[in-house]
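Trainee: Encoded as structure tokens, here's the structure I'll be asking about.
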Amino acid sequence: MADTTPNTGRSNSILSTGEDLGSLILNLTPYKFAPDPDPKCKDLFHIDWQGVEYQEKPGTWSFKGQTHALARTARIPYWFYWVNHNAPAKTPPIKIRDYFLIGFEGGGAY
């Protein structure tokens, strides 16, 4: 069986800060980011805090074949640039917009 524990780059398994959680998310992403084409901007991706959506209604998600009861969910939009290495030279990177989905188990969901 393959190890499903993500490599967080830490020597222990405790996530103590928001930076730890952010590092974990970046280590889990399947995407290869390209630098923002704006020379004044050095970011690899951008989170759109104005577009965050919440849902307080209990619900369920299916994950790895199991149903999980959720008390709160959040949908966080972000965007990044992706370079198509199969495109002709000097083709500008493509802006991709996607979402992080976060679900909190517990509370009133049970």
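Where a number appears in this text, it was derived from the coordinates with a stated rule and is not lab data. Just so it is clear, the structure is predicted and the values come from calculations on it, not from any experiment.
Trainee: Using modelled backbone amide H atoms (1.01 Å from N, in-plane), which distant-in-sequence or interchain residues come within less than 5 Å of Thr60's amide H?
Mentor: Here Leu70 satisfy the definition.
Trainee: Cα to Cα, under 24 Å, and not fewer than 8 places away if on the same chain: which lysines meet these conditions relative to Lys32?
Mentor: Within the straight-line cut-off, Lys32 pairs with Lys40, Lys42, Lys90, Lys95.
Trainee: When the chain is fully extended, how far beyond the present Cα-Cα distance does Ala69 get from Val52, taking 0.36 nm per residue of separation?
Mentor: This chain segment gains 4.0 nm when fully extended.
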